[in-house]
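The values are calculated or read from the model by the stated rules, or taken from the named source; none is laboratory data. Everything numeric here is computed off the predicted structure, so don't read it as measured data. Counting neighbours? That spans all protein chains shown, and the Cβs are built from the backbone with ideal geometry, glycine included.
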């Protein structure tokens, strides 16, 4: 009598194959969950960086390497803060001062000298190569800029906004 002709052998072999497939599937799922859990990091990309202004209260802060989403990565800007002036306007733009205005701080009220913009998840995305540029106009003092973004690899975008 051969092994394969013994009662229950085929059932056991089928069960063994099914368990092997399920084990591989669970291992894959575990690795995927670990990867996703580490996909998003919080990035402080501006920490009190100052916009130097001229005698007219005008100036630009443009540091591409610091304020830019790098190749293969996307930033979801979560918070932008400008502080330290009481008259004039500061505006954050996408890519250049001729680009899309993202956050305009206009004549802060009450002498507070600034304000905070907060953005929801995926509301203000910077794709690879996009950057923020800050422009001051008619200020009475040089403002400081702070910024925080969620940073993740481009492949994760559908999961981040989904």
**Report entry** Residue among 157, 80, 139, 132 that alone is at negative phi and in a helix (DSSP H, G or I)
**Finding:** 157
Report task. May I ask you to list the residues in segment 33-63 that are modelled with pLDDT under 95, out of contact with any helix residue (DSSP H, G or I) (no Cβ under 6 Å at 6 or more places or on another chain), assigned to a loop (DSSP other than H, G, I, E, B) and under 21 Å from residue 125 (Cβ atoms)? Result -> 38, 40
Report task. Considering only segment 119-143, state which residues are over 11 Å from the mean Cα position of the chain (by Cα) and buried (at least 19 other Cβ atoms within 10 Å of the Cβ). Result -> 131, 132, 133, 134, 135, 136, 139, 143
